[in-house]
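Enquirer: Here it is: the structure, laid out below.
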Amino acid sequence: DVSGVDVEVVGLWVQLLVMEGNVQGCLRLIHRCEEEPRFRDVRKYCQLLQPYLFLERWQNYCQEVVMAYKAKQWTDCLLRVDQCLEEIRLFTAKYGCDSDVVVVEGGRRFSNCLENVVCDKLLLDCRMTKARCLYACERFNEVITECDAILAWNAKEAAAVKKRAKAYCMLHLYEKGLADLRLYLQLKPEDRDVLSLYRYMTKKAERHQT
């Protein structure tokens, strides 16, 4: 029930949900507010909410990405991922603030409040999906580029390490691929499938050398 809540408090709630990475909760709260007569213009008048409204557009693109990925429509999926990334780029260009404590990644500035959801979650999710699509298209060099970008932000992103390892192996760069597989197994030692893959690729690398 938001009928007795001040608009500024709603803005702070939204910030809290965003910092927790709860995109769905953020959008539900905004939509609930818009059902109340005195909140109908909340998007227009509440400056605290303006930076977060891009989440709705981003979520729409993201849903299209998921649908295209499930349907194995790789070209369409890559197009939608690029739209997601562009939405994030425009958002950070508009709302990054030089006066705030910021994180600088790839020349873009992220306000401290938005660092968690934009830099650590949305951007990495989009990049990882793009890497998976590129792998399905057998564009292995581009897979490596995407995974490099992900690991520059989070060196312990296991999914990116694993995907890059596979891309290296597909390019017969076994030394780099096996190094990534060893790193992955340090992060996820319980993954028996990757342990089996490591053993298989080790034997394949030995045969390749001979």
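Enquirer: Please list, in order along segment 187-193, the HN-Hα scalar couplings obtained from phi with the Karplus expression 6.51 cos²θ - 1.76 cosθ + 1.60 (θ = phi - 60°), rounded to whole Hz, x for Gly and Pro.
Expert: So the J values, rounded to whole Hz, are 7, 10, x, 7, 7, 6, 5.
Enquirer: Label Asn60 and Gln73 with points 7 Å out from Cα along Cα→Cβ: what is the distance between them in nm?
Expert: 1.7
Enquirer: Of Lys70/Lys176; Lys130/Lys176; Lys156/Lys176; Lys70/Lys130; Lys72/Lys204, which pairs sit farther than 25 Å apart, going by alpha carbon to alpha carbon?
Expert: Lys70/Lys176; Lys72/Lys204
Only the coordinates and a few stated rules stand behind these numbers; no lab work does. This one's a predicted model, so the numbers in the text were calculated from it and none came from an experiment. Cβ atoms come from the backbone with ideal geometry, glycine included; neighbour counts cover every protein chain shown.
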